[in-house]
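Heads up, the thing below is written out as structure tokens.
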Amino acid sequence: MEGGKERPYQSHVRPACIACRRRKSRCTIEAHSSACMTCRAHGTECFFPADKRRKTSHRTPRRSQRQNIGTAEFSGELSNPTPTPRTIPSFSFPAVQTLPLSDGPFSTGNSSSQFIGAVWPQNQAVQDTALSLEADDDNPHILGPAVMGDNHILADYLSNIPGNRGMRAIRPVELGSSSSPIVFTKVQKRPLGMVLNSNPVLHKLQVIEKLIEPWALHLVDMYLNKVNPCFPLLDENTFREQYINARGRISPAFLSCLYGHMLVFWRHDPELSQVRCPDGRFIWNLASEALYSELHLAPGLSTITAILLNIGGRPTTSMIGNGIQLGSAVALCHSLGLNRNPLPWDIPQAEKHLRMKIWWSMLVHDRWSSLAYGTPPHIRRTQYDVPIPTEEYLSFHGQHKKAHGAFIALVHLTEVLDHCLEHVYNIGLDGPERNLDLELNKWIETLTGDVRKIVIRGLSLEIPGASNLRLAYLAVRLLLRRIYLDRERQRPDYNTEQLANQTMDARRIAEDIVILVQELEPAQLGDFWLPVAAFTFVSTVTFLIRCALETEQSATGLSQSTSLQMADEFLASLRSHQKNFGWDLGDICLAQHSELVEKLRTSPPISVPSEDLTTEARQHLVPDTTFIDELFPSIWDTLQSM
């Protein structure tokens, strides 16, 4: 006995009354009182296990008691461990008990706020629980007198029901007071939808998902069915399950770039084409900001995949930005060891294949961007040992099997391109020159089935990724012809007939590219394309103009030039695809060459007969050469950063 009060709960001489035990509340009894303070406040009957009334009551089995305790502490979908102790907040109450209520107007619907915490023992250190008034998620909110009585009755009833869930309330009881108790409930601090510990990356993703709703899942399905088979970055089943059940574990920057990546296919989807497409430029701005934020805050494997989606997104508007992102991705790959063969490592097979897929995609983007942007590649063959993809390393199944075959062929072709780039960018190249034609022919000899038809004859273009593979093959062939033309010109005793023959060979390859674009159907226009294909079109038209200026000048001018007519027809096809199908890959070529080709075709003939001019002289007799210098820089007007 101390201070006129008994403490039966701690002394074990008199345990807590039955009602307090059911409520899991503090049982405090004053001297010469037959009922504890809590039962008097609730207006319930107070009796102890030693009373005769206790003997007639039904004894709750031990297992049920444990279940009730668990229910009182954690109600809802969460099952958190016991919280870490901490000190009492400065505004603690003398005695507090839980008051489980049903879902009501204060319910937040947040699973993190739908569990009940332990009580605060009086004058002792407390546990940091869901009922702590300093909790990060909730604030205390007082209940008005109008609903007080209803809550009391409902709480007493629900306290006897195992497994009940609902609103939590805190009831402070002023010792020795006869006034009605004041009940507090807990309400969420933040507005609905505001996430705790949010960061700038997550903010950008939330804005993007609001702009594209309710089509976010549909865009993910489109990516997994249309893009990922042609350019595999993800394991489809694993990512789909994680997106549906644990989206919070996916990188916000990756999701942002994925949504932006798929906007170019919006008009080609039967469902999405019926609704308005969001502003792609604004979404790409947000996605790029999210990517740069994650690259600064916490770069990792997901950051690499986000960069690959970003630089692989269309339309291409920032060569400098893409180059910076690509260099950062290569540095991250080396830091994370993606350049090493993971097959002998003691890691899950799925992780091995994922690392290899990311590296293959990195190789493709690095080398084709090098060809498009005119800058040396970041990766050298001597600095990695990841094996080239085969059927064994990719999950071939169903309709995706042929698309994966096209991707394997593209990676092998990229290795051939690397040999060409080595010749182009090496300064002071020593040793014998590599036979680049042989490297390409050896690759062609390894092709079989539909992939061989795609490459050699331009057939089977209905296969996903086939049109992109065919264009890539023609781009490498055109690059080889231009390399050999430069070699021939650099020789002091070059053969004029040999030079003319190589020029005609190169022009036929350019014509194949023109025919390929002219014959593209709507299905191929909505298929997967590498964005660097836009620069293949630019180089094709540039080469045709060069042929016209060097070899096809006549007394009537350039109006009858076959090469110039071919370039004009090519631009007309690109313009038609842009207008009718929103195809963006021709935008750069149209912006750079449309006006130039038109002026060349309408230019007057030169005064000196062309047969009296050497090839070098004809290069300097183009009519009105000043406008050419004014037009070529216009490419930068279309490549401004988002």
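Counting beta carbons within 10 Å around each of Arg276, Arg26 and listing the fewest first gives the order Arg276, Arg26.
Return Trp284, Trp266 ranked ascending by Cβ neighbour count within 10 Å, so the fewest neighbours appear first.
On the way: Trp284 24, Trp266 21.
With the fewest neighbours first, Trp284, Trp266 line up as Trp266, Trp284.
So for Val538, Val201, Val411, Val330, fewest C-beta neighbours within 10 Å to most, what's the order? Working shown, then result.
Numbers: Val538 18, Val201 25, Val411 15, Val330 22.
With the fewest neighbours first, Val538, Val201, Val411, Val330 line up as Val411, Val538, Val330, Val201.
Residue-wise HN-Hα couplings along the stretch 360-375, as the Karplus relation 6.51 cos²θ - 1.76 cosθ + 1.60 with θ = phi - 60° gives them from phi, are 4, 4, 5, 4, 4, 5, 5, 7, 6, 5, 4, 5, 6, 8, x, 10 Hz; Gly and Pro carry x.
What's the Kirkwood radius of the stretch 200-387 in Å, using all Cα pairs? Mind dumping the intermediate values first?
Details: mean 1/r = 0.0585 Å⁻¹.
Over the stretch 200-387, the inverse of the mean reciprocal pair distance is 17.1 Å.
Backbone geometry of the stretch 334-342 corresponds, through the Karplus equation with coefficients 6.51, -1.76 and 1.60 at θ = phi - 60°, to 3J(HN,Hα) couplings of 5, 5, 8, x, 6, 7, 9, 5, x Hz, x marking Gly and Pro. Under 5 Å from the amide H of Glu30 lie the amide H atoms of Met37, each residue being 5 or more positions distant or on a separate chain, with H modelled from the backbone and absent for Pro and chain starts.
Working note: Karplus 6.51/-1.76/1.60 with θ = phi - 60° gives the stretch 271-278 the couplings 7, 5, 5, 8, 10, 6, 7, x Hz, where Gly and Pro are set to x.
Only the coordinates and a few stated rules stand behind these numbers; no lab work does. Just so it is clear, the structure is predicted and the values come from calculations on it, not from any experiment. Glycine gets a Cβ as well: all are built from the backbone with ideal geometry, and neighbour counts include every protein chain shown.
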